[in-house]
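Structure, as structure tokens:
Derivation of every value follows stated rules applied to the coordinates shown; laboratory data play no part. Computed from a prediction, not measured in an experiment: that's the story for all the values here.
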Amino acid sequence: MADSKQNSLRYLPLTVGVIGGTMLMANRLLTPILSESQARSDVVGVILSAVLILVTLLWEQIQPRTPEAVILEGTEQFELTADLPETIRTELAWASHLLLTNTVTKSLVLYYNNQIILRRGVFGEKKAFNLGAIAKRVLETQKAVYLVTLKVYPGRVEFDYLPENTQGIICQPVGSKGLLVLGTNIPRSYTKQDENWVAALAEKLAITLENT
């Protein structure tokens, strides 16, 4: 209801401008003889109507559009490697639950020491982890990469273990041996606060895993 009211107010200048311009035109056509003062008034009225219409058109261009969510192709899965201590398995389950419930993350993979130790969220059939150019760069530089709209990046092919229609990805280093890959169903949806929080969580997981 609030959105409907906001949309109505947004188009109010356009409506007033169109109605005003139409009435001025009708008045001009129905008036056989125009006085000088009426002609000046008509000019002012036309300018005001044009300004109102222009305001609405400019507002439509500068107003950011909310990214649209998609339904990821795949099924809900939760796989956690069995050869880890129970305390670490519990921490990984807790961390992944936080990411899935407190951010826009829909799929996550934790790759550590040359193997996948955690998969949780929506996934397709493919499970093999592809350590491509982007993932290698993240490991080498120890800096996260955020692909805000995945479909425009040619390097998206290396993330084919995520749902095919994944919209955005964060590839976060987990120490020098691991990667945390997060996928979302909404482009441009991770905030800077989300990125900082993911980085802090990855640092915590790195400390935990290095001490195993």
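Laid out as a table, the results:
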{"quantity": "Too-long pairs where the Cα-Cα distance tops 21 Å, listed order kept, from K106/K136; K143/K177; K106/K192", "calculated": "K106/K136"}
{"quantity": "Net length gained if the chain between T15 and K151 were fully extended (0.36 nm per residue, minus Cα distance)", "calculated": "45.2 nm"}
{"quantity": "Difference of contour (0.36 nm per residue) and Cα-Cα distance, I47 to S176", "calculated": "40.0 nm"}
{"quantity": "Quotient of Cα Rg and 2.2 N^0.38 Å for the stretch 75-210, N being how many residues it contains", "calculated": "0.95"}
